[in-house]
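Accompanying notes for the structure given below.
The values are calculated or read from the model by the stated rules, or taken from the named source; none is laboratory data. This is a predicted model, so every value here is computed, not measured. We place every Cβ from the backbone using ideal geometry, glycine too, and count neighbours over all the protein chains shown. Accessible surface areas use protein heavy atoms only, side chains included; no ligands, DNA or RNA. Shrake-Rupley method; radii C 1.70, N 1.55, O 1.52, S 1.80 Å.
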There are 2 protein chains.
Amino acid sequence: MRVMGVDPGLTRCGLGAVEGRPGAPLSLVAVGVVRTGADEELGTRLVGIEAGIEQWLDDVRPDAVAVERVFSQHNVRTVMGTAQAAGIAVLCAARRGLPVALHTPSEVKAAVTGSGTADKKQVGTMITRLLRLAEMPKPADAADALALAICHIWRGGAQHRLAEAMARAGKGR
Amino acid sequence: MRVMGVDPGLTRCGLGAVEGRPGAPLSLVAVGVVRTGADEELGTRLVGIEAGIEQWLDDVRPDAVAVERVFSQHNVRTVMGTAQAAGIAVLCAARRGLPVALHTPSEVKAAVTGSGTADKKQVGTMITRLLRLAEMPKPADAADALALAICHIWRGGAQHRLAEAMARAGKGR
């Protein structure tokens, strides 16, 4: 199963794709960030986020998309932009009929480190180990996107819907 | 100038288009609501909002779009969905190169009633009067969308950008 994780944000939207299944080694497919300028208008930024995510979906062709669930308790100054970037990621995936799952930051941390309160460094260390990378992916938003993808592969909560979706798409994987 | 107002929401997204200019009578172009089911998945709902707004933009052909600015202090339970619906409205407008403006609820109330703390009934009454309607537009989300459009026409803050945009589009209005 190939999962694309999205750590939403307007200034930096982390994107990471991982291939794997529960109980088997994981492999890195792609990792990066879509950036938009803080001095640009909101509309221009959202169009940029959409274009970046569309390009990634074209290139990576994931079986599912995992997006971080945004809470209003987050940083108040940036939470609206974060929610809007997340909404666009969900929109882009849903338009293609891809299954979309939302995972909370603590679910993601718990999945990759065993602790829902792990810090960024601990998450980065585990991502590096699990994907057998030479160094920690940077920036943190990119590492978080990979953690989301791994969380989704391991949680398996969406297995049923994924299986259905893959059957519909006629894939044998 | 023709302005389309958007009162964003996932369950009910109010849409209203008004034609007019500062100092001249206003006229109603269209008013309505795009609805999505609370039992549907987020992705399905966002795709539905996008399709509804796109249809409206095709039909109404506004010169500008005015969207309510969402704050994180709003109803915490629904604010994320509201922010995402607003983001999609901004995205749809920006993709077409239309000028987009965000107005706060108090700016809108002040524009149409003279008071930033007016209640919904007062806003509805003024919309009915200003557009010379036989009765108050319903639901309140639809009336709020019309108030946003009128606010935008009257505030004129975006006049310069609008004039530029209309010149680019070769319109003489």
Quiz item: Can you tell me which of B:117, B:128, B:104 is among the hydroxyl-bearing types (Ser, Thr, Tyr) and touching a Ser or Thr at 6+ places or on another chain (Cβ under 8 Å)?
Solution: B:117
Quiz item: Any chance the stretch B:19-28 includes a residue that's open to solvent by 60 Å² or more (accessible area, probe 1.4 Å) and at pLDDT 95 or above?
Solution: yes
Quiz item: Somewhere in the stretch B:96-107, is a residue within 14 Å of chain A (Cβ to nearest Cβ), free of Cβ contacts under 8 Å to residues at least 40 places away in the same chain and in contact with a strand residue (DSSP E or B) (Cβ under 7 Å, 6 or more places away or on another chain)?
Solution: yes
Quiz item: Among the residues of the stretch A:32-46, is any touching a strand residue (DSSP E or B) at 6+ places or on another chain (Cβ under 8 Å), closer than 13 Å to residue A:146 by Cβ and away from every other protein chain (no Cβ under 13 Å)?
Solution: yes
Quiz item: (1) in contact (Cβ under 8 Å) with a residue 60 or more places away in the chain; (2) more than 10 Å from chain B (Cβ to nearest Cβ): which one isn't true of residue A:84, the others all being true?
Solution: (2)
Quiz item: From the residues in the stretch B:8-55 that are among the polar types (S, T, N, Q) and part of a helix (DSSP H, G or I), which one is nearest to residue B:104 (Cα to Cα)?
Solution: B:55
Exercise. Check the stretch B:68-79 and report whether any residue there is open to solvent by 10 Å² or more (accessible area, probe 1.4 Å) and more than 20 Å from residue A:87 (Cβ to Cβ).
Key: no
Exercise. Scan the stretch B:128-142 for residues that are farther than 15 Å from residue B:24 by Cα and outside any loop (DSSP other than H, G, I, E, B) and jot them down.
Key: B:128, B:140, B:141, B:142
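Any chance you could count how many residues in the stretch A:47-63 are open to solvent by 40 Å² or more (accessible area, probe 1.4 Å) and more than 11 Å from chain B (Cβ to nearest Cβ)?
6
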Quiz item: Just wondering, is there one or more residues in the stretch A:64-77 that are at the interface with chain B (Cβ under 8 Å from one of its Cβ atoms) and in a helix (DSSP H, G or I)?
Solution: no
